[in-house]
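We did not get these values from a lab; they are worked out from the coordinates using the rules stated. Keep in mind that this is a model prediction, so the values were computed, not measured. All Cβ positions, glycine included, derive from the backbone under ideal geometry; neighbour counts span all protein chains shown.
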Amino acid sequence: QVHLVESGGGLVQPGGSLRLSCAASGSIFSIYHTGWYRQAPGKLREMVAMITPDGSRNYADSVKGRFTISRDNAKNMVYLQMNSLKPEDTAVYYCNAAGPSVSWGQGIQVTVSS
């Protein structure tokens, strides 16, 4: 089982940037597929970005060209760099790790507003 803790959320103006971090512990993190999901009020949770153990990336169409997912297996960390943020990016963002088990972080709020 992997334990995940997100950090780096907050309030940002439209057009701004934030970097989310996810710290993992408890298992062999490097073998897990990891990703970021988000859930806005009244909406279903959706995949934002995913990265495989060998570094292959996949993004939701709504964030392509603006968000970048990365991981540091030596530090057991996953990151989401978010640029050119829009009000519709406002949501609770969750870190996910999928492998021998599936784990979720507790979620962190990102609010894009002027």
ask   = Want the number for SER62 to GLN39: 0.36 nm per residue separation, take away the alpha-carbon distance, what's left?
value = 6.9 nm
request  = State, to one decimal in nm, how far the label point of MET77 lies from the label point of GLN106, with both points 7 Å from Cα in the Cβ direction.
outcome  = 2.0
Isotropic mean projected area of the C-alpha convex hull, segment 1-101 (nm²) = 6.2
query = Straight-line reach from LYS75: which lysines have Cα under 28 Å away, leaving out those fewer than 8 places along the same chain?
reply = LYS64
ask   = If you put +1 on each Lys and Arg Cβ and -1 on each Asp and Glu Cβ, how big is the dipole of the chain around its Cα centre, in Debye rounded to 20?
value = 100
